[in-house]
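Here is the structure we will look at.
No lab work stands behind these numbers, since they all come straight from the coordinates. Just so you know, these numbers come straight off a predicted model, no measurement behind them. Cβ: placed from backbone, ideal geometry, glycine included. Neighbour counts: every protein chain shown.
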Amino acid sequence: MAKPYKDGKGWAVRMRIKGQDIYISGFATEAAAKKGETEKRQALAKVGKPKGLGPWRTSVGQALQDYGRERLPFLQGGKHDANRINRYLRTLGLDLLKLTERVPEDGKDADKGPYWTVELVPCPDKHSVPKGLRQHRDKQARRSAGSDKHRALLARTMMADVAPYHVQSLIDAMKDERYGGSTIELERSLLRTLFNHARNGWWWPEPLCNPTTKLKMLEFDNKRTRVLTNAEWNRLSAALKLGKNRFVPPAIALLLVTTMRVSEALLRARWEAVDLDRCILKLGRAKGGKREVPLCPEAVEILRRLMEWAGEPDPSARILPISYDRLKAAWNRACARAGIEDAHIHDLRHTGATHYAMQYNGNVFILKGITGHKTDSQLSRYVNISTDDIAQMMHGRSLDDPQAPAALTPEKLASLFSKQELRADNVIELDTKKRRAA
């Protein structure tokens, strides 16, 4: 039994239990310190030996690094969490997490993971940042200077000593920096998951309560209801054909008629997954798990055209050989030319879901099969039928109306492929005249 001792104006006690060096303080009397020691011993006896150095000798930063190495390989969104964790690790100069996507072994279910290989890489020196990124990084650092100070303080704090006010200070700083509600919630979610994992996975008895609960959060509603109309789609289609990359129009059209996420269409959709006889596109490792995407006649025609362009494509090759950055840049230019405001690429998923909801009379079973949503609540976020839509439908408006949700008809589809002579941006052309002159 350790003996309590005076510590400032109060009493403290140090003890070693199951290899863990524990220090607790802040007791008003010696008797209170003895009681606190007894309670601590009893608590540890119930949960067993904590993993590692325990919450009294492990900082939040170190715990985040350990958590990242253990759990991120099995999270499809692990790369986003790694970016958030690395902000804490940089403040301590700890090695950063680097995630590399794993290729599933033959015969194994790609949807069950692990999805990533996690390795530690040295924290780069500020001067080692490429010149092209320095201005962007400096701008980010200026914006988040206040919250970064709180992250640094939190990262150095031992897990057992973290209190709700530590996390609340970070949240308040992010509010002052005008971060969106969803960004702030994701930050808190990471910390909440860490403390839950420490208690349930590592058997850490401290802190007694998760310090990320009962905080004053920013109320937000990030639900988008933007749906492109037929009139907007006609203008957008004309603007898309003015671009230099011939893969942009079919990529945008495919997103509209399949309601796939951009990541699914660009990264997950491979030629080996296309079954034109069944009119099905199989997706592995999609956000909601592997699924089969039903292909409407327009989607089948788009894939046939893309297959003609590819010749005899490698089965493992991506259907759309274009990067997200190029597609987004082309989308923004086309929207500007067409005079379309407040339109995101992801709105095509909203637009397609809304059109199909009206076409199939709101049959949720069909709609969930098209969009891949597993619950009615998830689906309802993407079906955005407005009051004007309902009123016009009552008066006999058809889906071909200019103000109805955009759809891709055979006539509109044919116009998108009218300029097949345009080259893809990923093809490098050589100036042979200059070469001969040289």
Inset, instruction - Against the globular-protein guess of 2.2 N^0.38 Å, express the Cα radius of gyration of the stretch 263-338 as a ratio, rounded to two decimals. - result: 1.19
Legend entry - Folded to 0 to 90 degrees: helix 230-240 orientation relative to the chain principal axis, Cα: 90
Legend entry - Burial ordering of Ser169, Ser59, Ser377, fewest other beta-carbon atoms within 10 Å first: Ser377, Ser169, Ser59
Inset, instruction - For Thr117 and Met15, calculate 0.36 nm times their separation in residues minus their Cα-Cα distance, and state this gained length in nm to one decimal. - result: 32.8 nm
Legend entry - Most fluctuating residue given options Ile22, Ile171, Ile385, as computed from a GNM of the chain linking Cα atoms under 10 Å: Ile22
Inset, instruction - Calculate how steeply helix 78-92 sits against the longest principal axis of the alpha-carbon atoms of the chain, using the helix alpha-carbon long axis, and give the answer as 0 to 90 degrees to the nearest 10. - result: 40
Inset, instruction - Using only Cα atoms, find the angle between the long axis of helix 145-156 and the longest principal axis of the chain, and express it within 0 to 90 degrees, rounded to the nearest 10. - result: 50
Inset, instruction - Rank the residues Met358, Met394 as a footprinting-exposure proxy: fewest other Cβ atoms within 10 Å of their Cβ go first. - result: Met394, Met358
Legend entry - Integer Hz, Karplus 6.51/-1.76/1.60 couplings in order for the stretch 172-187, x for Gly and Pro: 5, 5, 5, 4, 4, 7, 6, 6, x, x, 5, 5, 5, 5, 5, 5
Inset, instruction - Measure out, as a whole number of angstrom, how far apart the alpha-carbon centroids of the stretch 56-79 and the stretch 322-392 sit. - result: 35
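Strictly over 18 Å apart at the Cα level, which of Lys290/Lys368; Lys175/Lys328; Lys175/Lys216 would you flag in this model?
Lys175/Lys328
Expressed as a rounded percentage, what relative contact order does the chain have, with Cα pairs under 8 Å and six or more residues apart?
14
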Legend entry - Length-normalised contact order of the stretch 285-404 in % [C-alpha pairs under 8 Å, at least 6 apart]: 26
Legend entry - Segments 324-333, 2-11 sorted - mean Cβ within 10 Å per residue, highest first: 324-333, 2-11
Legend entry - Candidates Tyr23, Tyr88, Tyr382: whichever shows maximal mean-square fluctuation once the chain is modelled as a Gaussian network with Cα springs under 10 Å: Tyr23
Inset, instruction - Work out the length of the dipole vector of the chain about its Cα centre, built from +1 on the beta-carbon of each Lys and Arg and -1 on the beta-carbon of each Asp and Glu, and round it to the nearest 20 debye. - result: 1800
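Decide, for the stretch 230-416, between rounded, prolate and oblate: order the square roots of the alpha carbon gyration tensor eigenvalues as a ≥ b ≥ c, take rounded if a/c falls under 1.5, and otherwise choose prolate if a/b is larger than b/c, else oblate.
Values: a/c = 1.70, a/b = 1.20, b/c = 1.42.
Cα axes put the stretch 230-416 in the oblate bin.
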Legend entry - Identified option (computed Cα extents along the principal axes in Å; candidates (1) 64, 54, 53; (2) 86, 71, 47; (3) 75, 59, 38): (2)
Inset, instruction - Could I have the simple spin-label model distance between Asp176 and Lys216, label points 7 Å from Cα toward Cβ, reported in nm to one decimal? - result: 1.4
Inset, instruction - Give the long-range amide H neighbours of Val293: residues separated by 5 or more places, or on another chain, with amide H under 5 Å away, using H modelled in the peptide plane at 1.01 Å from N. - result: Leu281, Lys282, Leu283
Legend entry - Loop-located trypsin sites (Lys or Arg not before Pro) in the stretch 170-235 whose Cβ has at most 15 other Cβ within 10 Å (DSSP): Arg178, Lys214, Lys216, Lys223, Arg224, Arg226
Inset, instruction - Mind sorting Val364, Val162, Val118, Val103 by how few other Cβ atoms lie within 10 Å of their own Cβ, fewest first? - result: Val103, Val364, Val118, Val162
Legend entry - the chain: most fluctuating residue of Tyr115, Tyr67, Tyr179 per GNM, C-alpha cutoff 10 Å: Tyr179
